[in-house]
Structure formats: structure tokens, C-alpha cells
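Novice: Below is the structure I would like to discuss, written out as C-alpha cells.
The values are calculated or read from the model by the stated rules, or taken from the named source; none is laboratory data. Nothing here was measured: the structure is a model prediction, and the numbers come from that model. With ideal geometry, Cβ positions are generated from the backbone for all residues, glycine too; neighbour counts draw on all protein chains shown.
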Amino acid sequence: MAILAFMVLLSGCAALLEGDTLSYSPHVSASKDDSPEELIEVSNYEELVVEMLEIIMQHADLGKMHSNSYDGDIDADIRRARDEIIHNHPVGAYAVAEITGQTQRYVSYLDIEISFDYKRTKMQVDSIVNVSTLRYLRTELLGAMSDYRDDMVFRTSLDISETDIAALIREEYYQNPRSIVMLPITAVEIFPESGEDRIFELSFSYLDRANIMQRYGTSLSVHVRRNTLAAIGETDAEILLSLLNNLVSFVSYDDGAAQAIGEYGAQNLTATAYGALVNGNAVGEGFAMAYKALCDELGFDCRVVLGYHNGIVHAWNIVSLYGDYYHIDVSMCAVDGVETAFLRSDASMMGQYSWNTGNTVRCEGSLTYREVLGIDDEDEDADDMEGDSEENPGQPGERPDNPPDINDGDATPPPEGDFGGESEDEEDTENEEDTEDTGDTAGL
């Protein structure tokens, strides 16, 4: 046996001597990319749900998990997790159509594969905005509407309803007539329908495509700047009057549209600032939105009031002036004359107008249109009495039985100009009188 082993050894050495070679390769550890797929380890229901939601946020179609010791019935827990995610979790309710799972048991461990079908794209899931405050929600709504986006999706724990969302959209529109040309028709879906943590999907539709609406917005901004640059006056009141006079000088009141439009925020250009300032044709709401846009540009506190005028849906403005508030109905100034609807109090509006007084500030200022023009009512009354005395002789200085009512809507208003169009006689009177300083000029 020893001789045989020795012969084998000699034959091997002979092979090496004849030129055969041995190759040697050092051991190289497998790289991370070459390693087997890392499986997610789960051991109970809570961990299973967390990992499934993580897969959904990544918008993956398949998730693989592994368990060495699972606490519970894995098949029952997959079905339970599926129902909880699709029906109760915001992202699951919004994005997932179906979840299915299968398991494979081995002696010492368990393999789990879960498949996901989606009803939303990854882009839609990634676009969900997390909202924690109403202020931030308003900012997001303004951005979506001013860009004329088709939709907006946000997730929040705020205690708000579909009705609250609709109200916020309307508020942003009426507060920003220059940024938002038209109030969108909005559809709201909530995922899930109840609960503290939900996703709101808002779908917007407009009269025209987004690019056309954006062109409307650009044109509106140009006309707002042009009209505010044309405003003149030494006091805030004079500037407000100048803005109004310029507006009524080129915008026509569309009575037919006013009769036909039966709701606020109608998708009709006559009810927008664009319709008034660009097209020169508007109903009450269009005048009000245009006037607010002009006032906003110059820094005046101006609001839009939604109410009724002679029983018809109507809108006008409330402005802050020298610490008081006043009604201004630009559309009726265009129809009946500036004096009839400029700087009016709540009391003087009652009758023809109705609105929700609980949602508006009280208008109790005493400044009048004629005072802004510098017309002294007492001097004018004296002139009227002197004229009547010449026609009807009587006691010197005796007042006529029926003095003219300067607030009578049937009275002929003074011709309109930059400040209501004073006549030459009125200008002379104004220059002779010492008028009261009514305040500072609004900052441009």
C-alpha cells in the first residue's frame, strides 16, 4: 500500500514537471447588490399594517415579508389589515383598490407576499399636501385656484366638513378678485368619510381651460394697475370716489344678466372683476369685485357684501374710511347716479337692500358724498330759500314748505367727472369755503 501511494505521488509530480499549471483565485465577498433580497421582518398585526402602509406610500405592486415567529393567525391578519387600510386609513382609502396576500410556511419560518392594486397614480399619492392649520389650508386653496388647477388633494386632522371647504373656497374667491378671475365649480371627496385623519380631494372646473383662465388673469392685472394709476385725489375719500367715477364711466350695467343670474359666484364673466374692468360689462357682483380689486391695489380695506337689491341677487361693497364703515354700491351708482349709493349707512340701505347683518361690520359713518365734494348743505339750502322767496314773496328768509330732499333717488345727480363732476358754480363755491380735513391719502 505504501509503495502504491508513493507511485501516485511520483506521477503527480511528473505531471507538474511536464507543464500542467494550477490556478488560484482569492476569495471575494459578495457585494451588497449580489446579496439575496432582504425581507421585511414582521412578528405581529401592528407591524404588518405598518409595513403594508409603507409599501403603499412607495406605490409598490408587491411587498415581501418574513417572520420567524408570528404572533397570531397571519392569513386572518392579512384580511383584517386589508379591510382596515382600504376602509379606515386615509391613504389606503384614497389610493388603494384591492389588497391580496399569500403565505408559505416552512419548518422554522414564514414567507409572506402581498399584492396591491391602485386607483391613484404614484404622482397623485406624492402630491398629497399635509395641512395642519386653517391658515395653511387657505394658502393652498388660493394657490390652487389662482393657478386654475384641476384638483387639489390634502391630508388633515382639522375638524372640517365638505360644507366648511366650500365656504373657505368662496371666502378666498371674494377676498382675492384680482388673483382668482372666477369661482370654480368644486366637487369634494373625503377619504375615509369619517374619522379624525382624512384626505380631501377637491376637483375644480372653470368656464375655460387653465391656460385661457390664466390669460384672463394677466389681462385683469393690467387693467387693475391702469385704473388705479388714473385715480386722483388729496384724501382717501376723494380717491375712493375717483376709483368709482372711473369705473362707472366705462362699465355698463347688464340688467338682463342680473335678472338671469340667480346665484352668487356664477360662472358668468359679467359677475367677475374681469367682466367689468376688461369687457366693460357687469352685473352688481362684477362691479363689486372690480371695485374691491382696485381698492386692494391701493391698500384700502374693502369687502364684498352678498345680499339682495329689490329682491334680486346682488352684491356691493363695504369700505373702511376714517375709522368708520360705509356701503358703496358701484353698480347702482352707474344706474341711478353716484349720490344714491356712495357712502351709505346701514340705516339708509334698509328697505331696498337686504343682507346678513350678522356676518358684516356695522356701517354707521356720517360722511356723505356731498361733503366729499365740498358742498355745504346749509349754504345750498340758504340759496334755495332765497330763490324761492323771489318767486313766492313772503317773509325774508322764510323756508319753503317742502325743501328738496338731497337723498331723493329721483333727484337729478350732479354731472359726473373725476370727483362726481362739479359744475363751475360748485367749484367756485368749493374754493370759497373752508372744508374739513378728512384724512390722509391712501398709500399707493
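Novice: Is there any pair linking a residue in the stretch 253-281 that is on the phi > 0 side of the Ramachandran plot and in contact (Cβ under 8 Å) with a residue 40 or more places away in the chain to one that is crowded, with 22+ Cβ neighbours inside 10 Å and in a helix (DSSP H, G or I), with Cβ under 8 Å and at least six apart or on different chains, and which?
Specialist: GLY265/TYR173; GLY265/ALA271; GLY265/GLU285
Novice: I've got another one for you. Can you tell me which residue among SER242, SER249 is at pLDDT 95 or above, loosely packed, with under 15 Cβ neighbours inside 10 Å and assigned to a helix (DSSP H, G or I)? Write out each step before concluding.
Specialist: On the way: SER242 fails: loosely packed, with under 15 Cβ neighbours inside 10 Å.
Exactly one of SER242, SER249 is at pLDDT 95 or above, loosely packed, with under 15 Cβ neighbours inside 10 Å and assigned to a helix (DSSP H, G or I), namely SER249.
Novice: If you don't mind, another one. Being closer than 17 Å to ASN44 by Cβ and not small (Gly, Ala, Ser) is the requirement here; does HIS66 meet it?
Specialist: So HIS66 passes the test.
Novice: Okay, next question. Restricting attention to the stretch 204-238, which residues are within 12 Å of MET182 (Cα to Cα) and among the hydroxyl-bearing types (Ser, Thr, Tyr)?
Specialist: SER205, TYR206, TYR216
Novice: Something else now. When you look at GLY275, is it small (Gly, Ala, Ser), under 24 Å from LEU207 (Cβ atoms) and surrounded by fewer than 20 Cβ atoms within 10 Å (Cβ to Cβ), yes or no?
Specialist: Details: small (Gly, Ala, Ser): yes; under 24 Å from LEU207 (Cβ atoms): yes; surrounded by fewer than 20 Cβ atoms within 10 Å (Cβ to Cβ): no.
Answer is no for this residue.
Novice: Output yes when any residue across the stretch 79-94 is surrounded by 13 or more Cβ atoms within 10 Å (Cβ to Cβ), free of Cβ contacts under 8 Å to residues at least 40 places away in the same chain and touching a Phe, Trp or Tyr at 6+ places or on another chain (Cβ under 6 Å), and no when none is.
Specialist: Within the stretch 79-94, not a single residue is surrounded by 13 or more Cβ atoms within 10 Å (Cβ to Cβ), free of Cβ contacts under 8 Å to residues at least 40 places away in the same chain and touching a Phe, Trp or Tyr at 6+ places or on another chain (Cβ under 6 Å).
Novice: Exactly one of these conditions fails for ASP151: (1) acidic (Asp, Glu); (2) within 30 Å of SER43 (Cβ to Cβ); (3) out of contact with any Asp or Glu (no Cβ under 6 Å at 6 or more places or on another chain). Give me its number.
Specialist: Evaluating ASP151 over (1) acidic (Asp, Glu); (2) within 30 Å of SER43 (Cβ to Cβ); (3) out of contact with any Asp or Glu (no Cβ under 6 Å at 6 or more places or on another chain) leaves (2) as the failure.
Novice: Here is a follow-up. If you check ASP147 against the conditions, is it among the charged types (D, E, K, R), over 22 Å from MET57 (Cβ atoms), without any contact (Cβ under 8 Å) to a residue 24 or more places away in the chain and not assigned by TED's automatic domain parsing to the domain that holds LEU53? Explain how you work it out, then say what you get.
Specialist: Values: among the charged types (D, E, K, R): yes; over 22 Å from MET57 (Cβ atoms): yes; without any contact (Cβ under 8 Å) to a residue 24 or more places away in the chain: no; not assigned by TED's automatic domain parsing to the domain that holds LEU53: yes.
The answer is no for ASP147.
Novice: Tell me which of these LEU207 doesn't satisfy, since it passes every other one: (1) modelled with pLDDT of 95 or more; (2) hydrophobic (A, V, I, L, M, F, W, C); (3) outside any strand (DSSP E or B).
Specialist: (1)
Novice: Can you tell me which residues in the stretch 97-145 are surrounded by fewer than 18 Cβ atoms within 10 Å (Cβ to Cβ) and of a type in the set (Val, Ile, Thr)?
Specialist: If the condition is that a residue be surrounded by fewer than 18 Cβ atoms within 10 Å (Cβ to Cβ) and of a type in the set (Val, Ile, Thr), then THR100, THR103, VAL107, THR121, VAL129, THR133, THR139 are the ones that fit.
Novice: Give, as residue ranges, the strands (runs of 3 or more DSSP E) completely inside the stretch 269-361 that count at least 3 residues that are farther than 16 Å from ASP236 by Cα.
Specialist: Numbers: elements: 302-309, 312-321, 324-328, 342-344, 353-355.
Hits in the stretch 269-361: 302-309, 312-321, 353-355.
Novice: Being closer than 24 Å to ASN359 by Cα, basic (Lys, Arg) and free of Cβ contacts under 8 Å to residues at least 24 places away in the same chain: is that true of ARG170 here? Before the answer, list the steps.
Specialist: On the way: closer than 24 Å to ASN359 by Cα: yes; basic (Lys, Arg): yes; free of Cβ contacts under 8 Å to residues at least 24 places away in the same chain: no.
Answer is no for this residue.
Novice: Which of the residues belonging to the stretch 61-104 are farther than 26 Å from ASP197 by Cβ and not in a strand (DSSP E or B)?
Specialist: Step one: filter the stretch 61-104 for residues farther than 26 Å from ASP197 by Cβ, giving 62, 64, 66-71, 73-75, 102-104.
Result: ASN68, SER69, TYR70, ASP71, ASP73, ILE74, ASP75.
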